[in-house]
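The values are calculated or read from the model by the stated rules, or taken from the named source; none is laboratory data. On a predicted model such as this, the values are computed, not experimentally measured, just so you know. Every residue, glycine among them, receives a Cβ derived from its backbone with ideal geometry; neighbour counts consider all protein chains shown. Calculation scope for accessible area: heavy atoms of the full protein, side chains included, ligands and nucleic acids excluded. Shrake-Rupley method; radii C 1.70, N 1.55, O 1.52, S 1.80 Å.
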Amino acid sequence: MSNIFSEAWDWLGEPNRWSWSDPAGIPYRTVEHLSFSALSLVIAAALTVPTALWLAHYRRGAFLASSLVNIGRAIPSFGLIILFWFLASRWELNTDFWPLLIALVALALPPLFTNTYAGVISVDADAVDAARGTGYTEAQIMFRMELPLALPVILAGARVAFLQLVATVAIGAIVNDGGGLGRYIVDGFAQGRAGYGEILAGGLAVIVLALLCEGAFSLITRFAVPKGLNLENAKQPQTL
Amino acid sequence: MRAIVLADSDRPLFEWRWVERNADNILQRLGEHLALTATALAAGLVVSIALAVLSLRWRWFYPVALAGAGALYVIPSLGAFALLVPFFGLSFTTAVIPLATYTLLILLRNIVTGIQQVPADVREAAVGMGFTRARLLVSVELPLALPVVIAGLRVAAVTTIGLVTVTSMLGMGGLGFFIRQGIQTTTPNPTAIIVGIVLSIALAVVVDFLLWLSERLLAPWARKKVRA
């Protein structure tokens with residue numbers, strides 16, 4: 001048992017393990033992991049937030065908002081990655097980038113959409129009417145009132161989505177040259193018993209990264225929410 | 001482990017022939033998938049009930065348990081498997097532990113919320129009739145909390161069924177076996193991938209429906225006001 005820990009320790013001390021530029025390096029893989037997750041989150045947010053804002057403002061698509069998150073939960077991310085990898089290889093696209101990216105964006109859509117929708121819906125209707133009465137256009141209501149007021153709920157959705165992304169990038173290592181820190185785990189699995197040190201160290205690295213991201217997100221949520229909006233009072237719909 | 005073979009472009013996306021030929025195997029993998037899901041949910045439920053009982057007895061314990069379950073929930077599945085493999089090998093145990101821990105957050109929260117929603121006068125009536133603390137929990141509080149508990153169980157079940165596919169990386173079988181098999185054979189087999197994904201989603205939908213149905217049958221008084 002104890003030699004597993006020493007194997008993991010030795011693995012951490014291997015040459016280039018702390019390199020920012022060598023693919024063996026933990027910092028290199030961390031950057032890769034985070035940039036993949038962040039890029040997918042940004043794309044997914046660009047697709048969903050305006051759509052959900054518009055739909056919720058005009059009270060359309062309520063069924064979509066309520067069912068999307070359940071559908072999203074039922075779709076196995078692992079299957080999605082492999083399916084897209086297969087399609088990309090069939091169409092002779094770059095199999096290292098597109099399949100994982102598209103699968104990740106698809107995974108991040110449901111929590112972002114549902115939370116944006118729920119956040120906008122929960123904005124006080126009287127306040128919206130008051131704004132309309134003072135001459136706000138519909139676009140101004142959406143972007144100056146509903147969006148900022150819904151921000152805590154949207155960020156809660158982004159947090160759920162991002163954690164899912166961080167977890168899924170790791171799984172992506174199975175078809176992908178990258179795969180961030182998941183690379184070590186998948187490579188370790190391929191070596192059987194000899195890979196246990198690498199598996200353990202890689203697993204710890206992924207877990208630490210996820211916990212740090214969670215911490216960072218709670219800080220962002222605290223600072224990015226408009227003054228006067230108390231997070232405690234913000235209605236948090238079911239985000240799990 | 002990385003498949004390097006490029007897809008054979010002649011192979012159609014879906015072949016019924018393959019499904020027919022592999023019917024037995026599909027049933028077996030479906031069974032494995034269900035066994036993993038059921039074990040994880042049962043273990044998660046037992047632990048959550050224990051944590052909920054402690055949370056209701058000592059108020060300070062609830063935020064602690066919730067924070068612990070929240071931290072476990074944040075752990076990426078592959079990371080959790082990686083942490084356990086060196087100790088439990090590529091085994092059922094390694095697969096079940098993370099799956100069970102992911103259910104704790106939602107189950108604990110829903111059990112405690114459900115029990116807290118039991119009207120105080122109902123509880124007092126039971127105590128007045130001489131119910132012990134344990135009997136109060138088992139025959140009054142838990143049944144009345146059932147709709148909320150089942151709502152949590154539905155979310156947990158659907159999430160777990162999706163996650164079980166990942167355990168195929170541990171050689172655990174289940175429907176993820178087909179998803180992996182699809183890219184491991186010399187010519188990638190899209191039918192296997194699609195069968196794995198579609199059956200996993202179908203299983204989630206069916207289990208979700210059955211749980212919904214059981215809630216209707218077990219708690220017919222609560223038709224109107226159920227929310228997770």
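Could you please report the charge total around A:Gln191, scoring K, R as +1 and D, E as -1 over all other residues with beta-carbon less than 12 angstrom from its beta-carbon?
Taking every Cβ under 12 Å from that of A:Gln191, the sum is -2.
Per DSSP H run of at least 4 residues, take -39500 (n - 2.57); add these up for chain A, divide by its residues and hand me the 222 nm value, nearest 500 deg cm²/dmol.
Calculated at 222 nm, the ellipticity per residue is -23500 deg cm²/dmol.
Can you list which of the DSSP-assigned H helices in chain B have a Cα extent of 15 Å or more along the long axis and an average Kyte-Doolittle score of at least 0.5?
B:23-57, B:61-74, B:77-88, B:92-116, B:142-164, B:190-218
Debye sum, Cα scatterers, region A:15-147, no solvent: what log₁₀ I/I(0) at q = 0.18 1/Å?
The Debye formula, applied to the Cα set alone, gives -1.00.
Quick check on the protein assembly as shown: what does the Kirkwood estimate of hydrodynamic radius come out to from the alpha carbon pairs, in Å?
One decimal place: 23.8 Å for the Kirkwood radius.
Using only C-alpha positions, report the orientation-averaged shadow area of the convex hull of region A:2-234, nm², one decimal.
Convex hull of Cα atoms, orientation-averaged projection: 15.6 nm².
Please return the longest range in chain B lying between exposed loop sites, taking chymotrypsin sites (Phe, Trp or Tyr not before Pro), DSSP loop only, at most 15 other beta-carbon atoms within 10 Å, and leaving the sites out.
Of all site-free stretches, the longest is B:61-228.
So for B:Leu66, A:Leu47, A:Leu165, what's the accessible-area order with a 1.4 Å probe, most first?
Largest accessible area first, the residues go A:Leu47, B:Leu66, A:Leu165.
Over 23 Å, how big is the tail of the calculated P(r) for chain B, in percent of all Cα pairs?
Of all Cα-Cα distances in chain B, 56 percent exceed 23 Å.
How many angstrom lie between the Cα centre of region B:151-228 and the Cα centre of region A:46-77?
Their Cα centres are 21 Å away from one another.
Mind jotting down the distance between the C-alpha centroids of region B:96-130 and region A:18-43, whole Å?
42 Å
Distance between Cα centroids, region B:21-50 to region A:126-143: provide it in whole Å.
Between the Cα centre of region B:21-50 and that of region A:126-143, the gap is 51 Å.
Leaving ligands, DNA and RNA out of it, work out the accessible area of A:Arg59 with a 1.4 Å probe and give it in Å² to the nearest 10.
For A:Arg59, the solvent-accessible surface is approximately 120 Å².
Tell me the net charge near A:Ala8. Cut-off is 15 Å between Cβ atoms, A:Ala8 excluded, with +1 for each Lys or Arg and -1 for each Asp or Glu.
Summing Lys and Arg as +1 and Asp and Glu as -1 gives -3.
Indicate the helices, whole DSSP H runs only, in chain A that combine a mean Kyte-Doolittle hydropathy of 1.0 or more with a Cα extent along their long axis of 15 angstrom or more.
The qualifying helices are A:26-57, A:62-74, A:77-90, A:98-121, A:147-172, A:196-224.
Across the residues of B:162-173, average count of Cβ atoms on other protein chains within 10 Å?
4
Using heavy-atom solvent-accessible surface (probe 1.4 Å) with all chains present, what is the largest-first order of B:Asp24, A:Asp177?
Largest to smallest exposure gives the sequence B:Asp24, A:Asp177.
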